[in-house]
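What follows is one structure encoded as structure tokens, with my remarks underneath.
Only the coordinates and a few stated rules stand behind these numbers; no lab work does. Just so we're clear, the structure is a prediction, and the values are computed from it rather than from any experiment. Ideal geometry is used to build each Cβ from the backbone, glycine not excepted, and the neighbour counts take in all protein chains shown.
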Amino acid sequence: MFQKPKGFNNVGIIQCFLALFFVLWFFILPAKGIYFAWPVKPELTALFLGSGFILRSYFGYHLWREKDWYKIRWITHGDYVFLSVLFVTTWWHIAEMNWHLTTDGDAVRIFCLIMAHVWVVAYTFEPITVFMLDPRGDDKAAASAPVPAEVSQGPLLTVTKNTLVGVFFLGTVIAALLFFDPAFANTRWPWELNAFDSRIMAAFPAGVAAWSISLSFLKDWAEVKIGFKGITLFLSALFLMSIVTLLFTPWWDMTRHNVPTFPIGTGIFALLLIYSYWKQEAARPKKA
């Protein structure tokens, strides 16, 4: 079996723990998102980003720890999409980052400067690093070889493929809405958006769309399983975040469009993914 290029270990460990730091920040202190690399606000935007970085931390862990390439080879196309959106958005809005915060003391100002530099460095160099590490040339055929029979977990079921295609279409539409016209997105989104946050948020549905369609083209559950679980984790986190904050916080403006649509939509897709996962596990061939 083709082994994962070793350079992905370094990318994975940095991605795992940097994203985990973002998750903890946005979930524990969503109101302090204004001191991030740029002012993340309101709290619901911070929680959306926190849900997205759960996915990135999970993928980073497997990019770091997995040895066999077939388990994670689907990741590269989605990474190109996700990281490209972050790269373009970061440099598009770079003047809006927390370079010149002056109202909260020197310690806060220095911390914000550090975060801004960490973000710019991470999401400038990660896209080109991933591209450089992707197997090519003589390794390409071996990297794309079918899953060996001894580790196969059965073919991808129709319900799984259809669910992934559905997530692809949903992610594409949401990403386009958030990225290309944030002003219009703000009139349809269930909480207030600004252009910078809207385009950063777009990276997550865009990446999920690309990962989903990449997974749908694969043949064996063994090579799809990790990515499928990550996408399920993301949509489940968005659903739970929306339910908890609707019940226990005043952060939602019920006069805005699509407030009920958000938890209903994320909940339906999370349930479809969970159901598909259950069907796949039930259909796994029994080992002798």
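Mind jotting down a quarter of the surface of the convex hull over the alpha carbons of the range 154-288, in square nanometres, one decimal? Here the figure is 8.7 nm², rounded to one decimal.
Could you check how many percent of all C-alpha pairs in the chain are farther apart than 28 Å? Write down the numbers at each step before the final one.
Details: 15738 of 41328 pairs.
That tail contains 38 percent of the Cα-Cα pairs.
Expressed as a fraction of 2.2 N^0.38 Å, the C-alpha radius of gyration for the range 224-281 is 1.30.
3J(HN,Hα) along the range 134-148: 4, x, 8, x, 5, 7, 4, 5, 5, 5, 9, 5, x, 5, x Hz, from the Karplus curve 6.51 cos²θ - 1.76 cosθ + 1.60 with θ = phi - 60°, whole Hz, x for Gly and Pro.
Can you pull the Kirkwood radius for the range 65-135, inverse mean 1/r over Cα pairs, to one decimal in Å? Provide the component values of the computation, followed by the final result.
On the way: mean 1/r = 0.0706 Å⁻¹.
Kirkwood radius, the range 65-135: 14.2 Å.
Among the helices of the chain (complete DSSP H runs), which have Cα atoms covering no less than 20 Å along the helix axis and a Kyte-Doolittle mean of at least 1.0? Before the final figure, lay out the partial values.
Working: long enough: 7-28 (32 Å, 1.92); 43-65 (33 Å, 0.48); 75-92 (25 Å, 0.96); 106-133 (39 Å, 1.51); 158-180 (33 Å, 1.75); 195-216 (32 Å, 0.96); 221-248 (39 Å, 1.62); 261-282 (31 Å, 0.69).
The answer, listed by residue number, is 7-28, 106-133, 158-180, 221-248.
With the highest mean first, a sort of the peptides 219-227, 112-120 on other beta-carbon atoms found within 10 angstrom per residue produces 219-227, 112-120.
What translational D, rounded to a whole number of µm²/s, comes out for the range 110-218 from Stokes-Einstein when the hydrodynamic radius is the Kirkwood one over Cα pairs, at 37 °C and 0.692 mPa s?
On the way: Rh = 17.1 Å.
Rounded to a whole number, D works out at 192 µm²/s.
For the chain, the relative contact order is 23 percent, taking Cα pairs closer than 8 Å that sit 6 or more residues apart in sequence and dividing their mean separation by the residue count.
Could you sort 133-142, 19-28 so that the peptide with the highest average Cβ count within 10 Å comes first and the rest follow in order?
Values: 133-142: 12.2, 19-28: 18.0.
Ranking the peptides 133-142, 19-28 by packing returns 19-28, 133-142.
Looking at the calculated P(r) for the range 172-238, what percent of the C-alpha pair distances fall above 17 Å? Of the Cα pairs, 48 percent sit more than 17 Å apart. Computed extension length for Asp181-Met132: 14.5 nm, one decimal, from 0.36 nm per residue of separation with the Cα-Cα distance subtracted. For Asp68, the amide hydrogen comes within under 5 Å of the amide hydrogens of Lys4, counting only partners 5 or more places away or on other chains and with H modelled in the peptide plane.
Computed over all pairs of different Cα atoms, the Kirkwood value for the hydrodynamic radius of the range 1-105 is 15.2 Å.
Here's the list of aspartates and glutamates a cross-link from Lys279 could span, going by alpha-carbon distance under 18 Å and ignoring same-chain residues fewer than 8 apart: Asp220, Glu223.
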